[in-house]
1. Taking Thr100 as meeting all but one of (1) modelled with pLDDT of 85 or more; (2) out of contact with any strand residue (DSSP E or B) (no Cβ under 9 Å at 6 or more places or on another chain), write down the number of the exception.
2. Being under 19 Å from Arg143 (Cβ atoms) and without any contact (Cβ under 8 Å) to a residue 40 or more places away in the chain: is that true of Ile118 here?
3. Consider the range 196-232. How many of its residues are assigned to a helix (DSSP H, G or I) and open to solvent by less than 30 Å² (accessible area, probe 1.4 Å)?
4. If the requirement is being of a type in the set (Gly, Ala, Ser), modelled with pLDDT of 90 or more and either part of a helix (DSSP H, G or I) or open to solvent by 50 Å² or more (accessible area, probe 1.4 Å) (or both), which of these qualifies: Ser266, Ser328, Ser317?
5. Is it the case, given these coordinates, that Asp302 is farther than 24 Å from Gly208 by Cβ and buried (at least 17 other Cβ atoms within 10 Å of the Cβ)?
6. Does the range 60-82 hold any residues that are open to solvent by 10 Å² or more (accessible area, probe 1.4 Å) and within 22 Å of Arg103 (Cβ to Cβ), and which are they?
7. Can you tell me how many residues in the range 127-155 are assigned to a loop (DSSP other than H, G, I, E, B) and surrounded by 11 or more Cβ atoms within 10 Å (Cβ to Cβ)?
8. Please work out which residue is most open to solvent (accessible area, probe 1.4 Å), limiting yourself to the range 99-126 and to residues that are in contact with a helix residue (DSSP H, G or I) (Cβ under 8 Å, 6 or more places away or on another chain) and charged (D, E, K, R).
Amino acid sequence: MPLDGLMKDEYKTKRQLIQELVAVRQRFQERAASEDEPILLPEALSAEALKVSDERFRALVEHAPFGLSIMNADRSFEYVNPQFTEMLGYTLEDIPDKETWFRKAYPDEEYREMVKGIWDEDTRQASDAKDVFTRTFRVRAKRGEEKVIRFNKVQLPEGKQFYWYEDITAKMEAEETLRQSEDLKEAYRKYRTLFEASHDAIMLSDKGGIFDGNAAALAMFGFVSKEELVGRHPAEFSPPTQADGRDSYQAANAHTAEGIRKGSHSFEWLMKRKDGTVFPSEVVLRMLALGGRKVLQIIVRDITERKLMEEALVNGSEKIKLFAYSVSHDLKSPAVAVQG
């Protein structure tokens, strides 16, 4: 049978190829049972037999789109297929036995001992050649890169072991990227919930100006829709000058630079509503990473009531001081005699 008729990898799944390998292995067993001088399965799977044996088996093993290897009972490797070498870089000369493989594939001693223990336990539990053990480990390839490999092992007669290997590094990285993406989505969902529910005005700004704001921000400045916020400079919600006489644009830029430099910055600021009303506020600037970009979060709290209370306390304090001074002065004055 022509090789190209046997192997059309683009139409075969890994499962189908493994099933074919198992079918060939069963055929060897049937032959062994019918021969006067049985052909033992390990012999049929040996490196020498792979060169002269059944063409279909050879084609499957040599051209399988995943790594394959055979290990002898003495833990020496008998065979590795080309895909194994392409996947991990190791040839049969690089890893003549299992101990060498362990040293090279698992350079971290603690991790290596853990892997050994798992495989030894699987070997003890194997009851017959039908048992397939699947494990996933991190492997150091010959060129130094670390890969995630899924190992599948079948115990063969006379202590031999048949392995096939799948490089799932890209799959694991994709799953991790997806997980991080899902985590980011969940974090963003929670942030939006807090963002919209906050009683403080919250706006988000980047180099293009403000691009988002919550309901509290719209109510604070007297806006009807977010479109009235988008694209504007934060200083546009301010009177021309601040309480200290500084130009609002220049002062706003200075505070923004400080917030970016420190990551967080707070200060008091005079704000102006859409109707022109000026009110005192407390502003907190925070740098955030949203959707892979850095943005400036602007939190504004109206402190009008707090300022009125402080003013009342100051005024009250002055009156108390005047009263205390008056009482003290009277007590120190000489008593006036009452004449009768």
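The values are calculated or read from the model by the stated rules, or taken from the named source; none is laboratory data. Keep in mind the model is a prediction, meaning the values are calculated, not measured. No Cβ is skipped: glycine too gets one built from the backbone with ideal geometry, and neighbour counts run over all protein chains shown. Each accessible area value is taken on the protein alone, full model and side chains, heavy atoms only, with ligands, DNA and RNA left out. Shrake-Rupley method; radii C 1.70, N 1.55, O 1.52, S 1.80 Å.
1. Every condition holds for Thr100 apart from (2).
2. Here the answer is no, as Ile118 does not meet what is asked.
3. Of the residues in that region, 5 qualify.
4. Ser266
5. For Asp302, the condition - farther than 24 Å from Gly208 by Cβ and buried (at least 17 other Cβ atoms within 10 Å of the Cβ) - is met.
6. Within the range 60-82, Asn72, Ala73, Asp74, Arg75, Ser76, Phe77, Glu78, Tyr79, Val80 qualify.
7. 5
8. Taking the candidates together, the pick is Arg103.
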